[in-house]
Structure formats: C-alpha cells, structure tokens
C-alpha cells in the first residue's frame, strides 16, 4: 500500500468528489477509482457507498480517513523535517489570488522569491474570492490571497499590509481639478463598480452609505481590468486599489487621487488550511510576504 493512495483517498473524502480528487492529485478520475478499488481489495471492505445521489463513506471508510489523515500529516511532516535538516528549500508552492492582487501586486514578490530560491516552482492562479477559498479548502492550492479575509474555522488567516483605495477617472474629468478630493464629491457621479457579491464592492458601498453619498452605478464588472477600461473611455469613475492602476497612471491613461477626508484601505489576508503541513518553501514564501513593504 503506497502513501499516495492514502492521500488520494483523503482528498476524495474531504472534497466528496472524484473530479476534485483527480485535479488535486493531477491524475484522471479513472485512476482515482482504481486506487480506491485497490484499497478496498487490500482492506477487504467497502470504503465508499456507491450511490449517484450522494457521496458517503462507510463506517470503515470513515475510520480509514481518520487514520489516513494522520498518516499523511506524519508523512508530510517527515518530508519537511528532512528538508529542513538538509537546509533544502525546493518543491512547488501553489497559490490562488484574486485578480487585483495576483495580476498587479504579487508578481514582484514572486520574482524576488524565485531569485533567492531557484529550486522552488511557484504556480499562481487568478480567481474570484469565493473560488480562492474553495481551492484552498479543496487542497487544489496551498495558499490563497484575498481581500477582506473571512473568518473560517478550517482556515488560518495571516494578515498582510493593507492596500490603499483611490479614486480613478479619465484625464480631464471634472474631479481631477480638485486639489483635495472629498468623498462627498462623488454624489451623483456615474460609477463603475465591481459586481455586488465581491468583497471590495461591499466595503465601498458600506463606506459610501455611512457617509451619506449616493452614486449612479452605470456598469458592474467582476474584475479590475474591465473596470479600468470602462473608466479610461469616460464611462464613469471608480474606487480601486492604488497598486492596480500604477501603470495606467504612469502612462496618463487614468488619473488617480486619494480622498482627503477618508483613509480608504482594504485588508489583505494570506490563507491556508489549519491542518496544512507547510513545507520549507511555503514557510519561506509566507515570511517573504510578511516581511515586505505593503503589497499595494
């Protein structure tokens, strides 16, 4: 019985999905089924109740998962400890980040980390916040980067430096003439927003409501790039992370400005499963983010 078989079974038990278990382990669904069948033959018992309606472990399957998880934790801890004894930092760090962090703020940190640790591979995926949480809990990735991190009993949240939020508008817009921009000046403005379920949108809406400011939402998008393009063509103004528009501001395709009467910041969190055994490479990557200047 190979250790990898226990990992496949544990991933299947946690995700309750042959598809996700296959993705996590980079194998086919057929290979997952074959490994489970092989384990059932080895232990001479059924581990999963075969039903199309609902995934369910048998009592024997629950027992195997309980002990299999401990076997995997011990095995991962052993591998990591051996690396630490040899002072080796290698392997792969899989990261899922929301678009505005992954596309704009994270890359300099990744490049600097890879220069210091050339034996490590860093794989970054860009996702919506809900997908980042799901991928971390499903073991599809090791670490997640999100804004306004949500408390979860199964997740560890490590706070990073917050990002400053600024107003952006097209060059020549009336608001660019203000020497000290105030939040109340957004009253009645055409506004390009994120979709309502995105955490940054919720926080901006809450801030505007508390200040008694009403804007006209003319467009809503699920990613920062489309928001910027709409503002560039003069469709409206928006509030976005400062780091996400640095390039456009330098090229004068967008104008950004902070608010004189409101310090708008969005908290950033790095998340991982509490039961995750962090490899030396993962620990080093986390330490590099925590020790760096603000991520925006």
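The values are calculated or read from the model by the stated rules, or taken from the named source; none is laboratory data. Predicted model only: the values in this text are computed from it and were never measured. Here the Cβ is made from the backbone with ideal geometry for all residues, glycine too, and neighbour counts use every protein chain on show.
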- [ ] Go through segment 155-172 and count every residue that is over 19 Å from residue 241 (Cα atoms) and at pLDDT 95 or above.
- [x] 4
TODO: For residue 141, state whether it is more than 30 Å from residue 185 (Cα to Cα), touching a strand residue (DSSP E or B) at 6+ places or on another chain (Cβ under 6 Å) and part of a loop (DSSP other than H, G, I, E, B).
DONE: yes
Open item on the list: I'd like to check which helices (runs of 4 or more DSSP H) are fully inside segment 23-113 and have at least 1 residues that are under 26 Å from residue 270 (Cβ atoms) and modelled with pLDDT under 90.
Closed with: 59-85, 99-102
Open item on the list: Conditions first: (1) assigned by TED's automatic domain parsing to the domain that holds residue 279; (2) surrounded by 15 or more Cβ atoms within 10 Å (Cβ to Cβ); (3) modelled with pLDDT under 95; (4) assigned to a helix (DSSP H, G or I). Residue 133 passes all but one, so which condition is the exception?
Closed with: (3)
Open item on the list: Looking at segment 72-85, I want the residues that are under 20 Å from residue 10 (Cα atoms) and have a partner that is loosely packed, with under 15 Cβ neighbours inside 10 Å with Cβ atoms under 6 Å, at least 6 apart or on another chain. Which pairs are those?
Closed with: 75/3
- [ ] State the number of residues belonging to segment 263-275 that are assigned to a loop (DSSP other than H, G, I, E, B) and buried (at least 18 other Cβ atoms within 10 Å of the Cβ).
- [x] 1
Open item on the list: For segment 34-68, give me each residue that is surrounded by 16 or more Cβ atoms within 10 Å (Cβ to Cβ) and within 17 Å of residue 20 (Cα to Cα).
Closed with: 35, 36, 48, 57, 65
Task: Single condition residue 200 does not satisfy, out of (1) touching a residue at least 40 places away in the same chain (Cβ under 8 Å); (2) closer than 21 Å to residue 173 by Cα - done: (2)
